[in-house]
Amino acid sequence: MRRSRPAEAALTRLAPHFPHLGAPFTASAPLPGGDFPRQGYDTLVRALRGAFPALDPALLARLARAYGTAAFQVLEGVTEEDEFGDWFGAHLCAREVDYLMDREWALTAAGVLWRRSKLGLRTAPHVVEALDVYMAARRA
(Lines give C-alpha, C1' and ligand atoms only; values in the text may rest on other atoms or scores of the structure.)
Protein backbone atom coordinates (compact mmCIF):
# COMPACT_ATOMS: atom_id res chain seq x y z
CA MET A 1 0.00 0.00 0.00
CA ARG A 2 1.38 3.37 -0.97
CA ARG A 3 1.31 5.52 2.17
CA SER A 4 2.43 8.84 0.71
CA ARG A 5 -0.56 11.07 0.13
CA PRO A 6 0.01 14.42 -1.66
CA ALA A 7 -0.41 16.40 1.58
CA GLU A 8 1.92 14.09 3.47
CA ALA A 9 4.48 14.35 0.67
CA ALA A 10 4.35 18.14 0.88
CA LEU A 11 4.68 18.08 4.66
CA THR A 12 7.61 15.70 4.42
CA ARG A 13 9.40 18.23 2.25
CA LEU A 14 8.55 21.03 4.70
CA ALA A 15 9.47 19.03 7.83
CA PRO A 16 13.11 20.21 7.99
CA HIS A 17 11.82 23.77 8.33
CA PHE A 18 9.09 22.88 10.85
CA PRO A 19 10.47 20.24 13.23
CA HIS A 20 7.34 20.36 15.43
CA LEU A 21 5.22 18.78 12.64
CA GLY A 22 6.06 15.22 13.63
CA ALA A 23 5.61 12.07 11.55
CA PRO A 24 2.95 11.66 8.85
CA PHE A 25 -0.33 10.39 10.29
CA THR A 26 -3.18 11.07 7.85
CA ALA A 27 -3.06 7.63 6.21
CA SER A 28 -4.25 6.02 9.44
CA ALA A 29 -6.07 8.85 11.24
CA PRO A 30 -9.86 9.05 11.01
CA LEU A 31 -11.44 12.19 9.65
CA PRO A 32 -13.18 14.38 12.27
CA GLY A 33 -16.29 12.50 13.36
CA GLY A 34 -15.08 9.29 11.78
CA ASP A 35 -13.99 7.73 15.04
CA PHE A 36 -16.55 4.91 15.04
CA PRO A 37 -16.49 1.40 13.57
CA ARG A 38 -17.05 0.98 9.84
CA GLN A 39 -20.29 -0.90 10.54
CA GLY A 40 -21.27 1.45 13.40
CA TYR A 41 -23.60 3.86 11.60
CA ASP A 42 -26.83 2.32 12.96
CA THR A 43 -25.40 2.32 16.48
CA LEU A 44 -24.43 5.98 16.08
CA VAL A 45 -27.94 6.92 14.90
CA ARG A 46 -29.45 5.06 17.87
CA ALA A 47 -27.12 6.95 20.22
CA LEU A 48 -28.16 10.28 18.67
CA ARG A 49 -31.85 9.33 18.99
CA GLY A 50 -31.28 8.43 22.63
CA ALA A 51 -29.47 11.69 23.35
CA PHE A 52 -31.92 13.86 21.37
CA PRO A 53 -35.30 12.07 21.54
CA ALA A 54 -37.35 15.17 20.66
CA LEU A 55 -35.58 15.69 17.33
CA ASP A 56 -36.66 14.40 13.92
CA PRO A 57 -35.11 10.96 13.31
CA ALA A 58 -34.51 11.81 9.63
CA LEU A 59 -32.51 14.89 10.67
CA LEU A 60 -30.46 12.82 13.13
CA ALA A 61 -29.74 10.21 10.46
CA ARG A 62 -28.59 12.90 7.98
CA LEU A 63 -26.35 14.52 10.60
CA ALA A 64 -24.85 11.11 11.46
CA ARG A 65 -24.08 10.54 7.75
CA ALA A 66 -22.62 14.02 7.34
CA TYR A 67 -20.67 14.43 10.59
CA GLY A 68 -20.32 11.03 12.23
CA THR A 69 -19.69 11.41 15.96
CA ALA A 70 -19.22 15.17 15.46
CA ALA A 71 -23.03 15.31 15.09
CA PHE A 72 -23.06 15.44 18.89
CA GLN A 73 -21.10 18.71 18.67
CA VAL A 74 -23.51 20.12 16.09
CA LEU A 75 -26.43 19.29 18.42
CA GLU A 76 -24.77 20.12 21.72
CA GLY A 77 -27.26 21.72 24.12
CA VAL A 78 -30.27 21.31 21.80
CA THR A 79 -33.40 19.83 23.35
CA GLU A 80 -36.00 20.76 20.73
CA GLU A 81 -36.11 21.90 17.12
CA ASP A 82 -37.00 25.47 18.12
CA GLU A 83 -33.37 25.86 19.16
CA PHE A 84 -32.00 25.32 15.66
CA GLY A 85 -32.59 28.87 14.46
CA ASP A 86 -33.62 29.54 10.87
CA TRP A 87 -34.28 26.62 8.53
CA PHE A 88 -32.93 26.71 4.99
CA GLY A 89 -34.65 23.61 3.60
CA ALA A 90 -33.31 20.06 3.14
CA HIS A 91 -33.04 19.70 6.95
CA LEU A 92 -30.39 22.46 7.00
CA CYS A 93 -30.65 24.82 9.96
CA ALA A 94 -28.76 27.85 11.25
CA ARG A 95 -27.17 25.78 14.02
CA GLU A 96 -25.55 23.47 11.48
CA VAL A 97 -24.48 26.43 9.34
CA ASP A 98 -22.92 28.05 12.41
CA TYR A 99 -21.03 24.82 13.09
CA LEU A 100 -19.76 24.74 9.50
CA MET A 101 -18.68 28.37 9.69
CA ASP A 102 -16.95 27.92 13.04
CA ARG A 103 -15.38 24.47 12.57
CA GLU A 104 -15.00 24.02 8.81
CA TRP A 105 -14.48 27.63 7.75
CA ALA A 106 -17.49 27.76 5.42
CA LEU A 107 -17.92 31.30 4.07
CA THR A 108 -20.75 31.10 1.53
CA ALA A 109 -23.93 29.20 0.78
CA ALA A 110 -22.07 27.42 -2.02
CA GLY A 111 -19.49 26.26 0.50
CA VAL A 112 -22.22 24.74 2.66
CA LEU A 113 -24.53 23.44 -0.05
CA TRP A 114 -21.97 22.07 -2.53
CA ARG A 115 -18.51 21.72 -0.99
CA ARG A 116 -19.43 20.37 2.44
CA SER A 117 -22.65 18.63 1.43
CA LYS A 118 -24.72 18.10 -1.64
CA LEU A 119 -27.80 19.75 -0.12
CA GLY A 120 -27.75 22.18 -3.03
CA LEU A 121 -29.40 19.41 -5.04
CA ARG A 122 -32.52 19.92 -2.92
CA THR A 123 -32.37 23.67 -2.26
CA ALA A 124 -34.38 26.30 -4.13
CA PRO A 125 -32.60 29.45 -5.43
CA HIS A 126 -34.44 31.76 -3.00
CA VAL A 127 -33.23 29.58 -0.11
CA VAL A 128 -29.63 29.81 -1.35
CA GLU A 129 -29.98 33.58 -1.35
CA ALA A 130 -31.41 33.57 2.19
CA LEU A 131 -28.54 31.37 3.34
CA ASP A 132 -25.96 33.71 1.79
CA VAL A 133 -27.61 36.68 3.54
CA TYR A 134 -27.59 34.82 6.85
CA MET A 135 -23.93 33.86 6.50
CA ALA A 136 -22.88 37.37 5.44
CA ALA A 137 -24.65 38.84 8.47
CA ARG A 138 -23.00 36.34 10.78
CA ARG A 139 -19.54 37.08 9.33
CA ALA A 140 -20.04 40.84 9.78
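The values are calculated or read from the model by the stated rules, or taken from the named source; none is laboratory data. What you see is a predicted model; the values in this text were computed from it and never measured. Don't worry about glycine lacking a Cβ; one is built from the backbone with ideal geometry, like all the others, and counts go over all protein chains shown.
Quick notes on this one:
- Some residue of the range 10-29 being surrounded by 10 or more Cβ atoms within 10 Å (Cβ to Cβ), in contact with a helix residue (DSSP H, G or I) (Cβ under 6 Å, 6 or more places away or on another chain) and at pLDDT 95 or above: no
- Every residue from the range 105-140 that is within 16 Å of R65 (Cα to Cα) and assigned to a loop (DSSP other than H, G, I, E, B): R116, S117, K118
- Screening D102, D82 for residues that are within 11 Å of the chain's Cα centre (by Cα), within 26 Å of V45 (Cβ to Cβ) and exposed (fewer than 12 other Cβ atoms within 10 Å of the Cβ) leaves exactly one candidate, D102.
- Cross-chain or 6+ apart pairs with Cβ under 7 Å, the range 39-66 first and in contact (Cβ under 8 Å) with a residue 40 or more places away in the chain, then of a type in the set (G, A, S): A66/S117
- Any hit, the range 56-64, residues being in contact with a His (Cβ under 9 Å, 6 or more places away or on another chain) and not in a helix (DSSP H, G or I): yes
- Of all the numbered requirements in (1) crowded, with 18+ Cβ neighbours inside 10 Å; (2) not in a helix (DSSP H, G or I), V74 misses one, and that requirement is (2).
Okay, residues lined up against (1) closer than 24 Å to G34 by Cα; (2) touching a Phe, Trp or Tyr at 6+ places or on another chain (Cβ under 6 Å); (3) at pLDDT 95 or above:
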residue	(1), (2), (3)
G50	yes, no, yes
A64	yes, no, yes
T69	yes, yes, yes
G77	yes, no, no
A90	yes, no, no
E96	yes, no, yes
A109	no, no, yes
L113	yes, no, yes
M135	no, no, yes
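- Filter result (in a loop (DSSP other than H, G, I, E, B) and surrounded by 14 or more Cβ atoms within 10 Å (Cβ to Cβ)) within the range 32-48: G33, F36, G40
- Only a single criterion out of (1) within 29 Å of P37 (Cα to Cα); (2) without any contact (Cβ under 8 Å) to a residue 40 or more places away in the chain is not satisfied by E129, namely (1).
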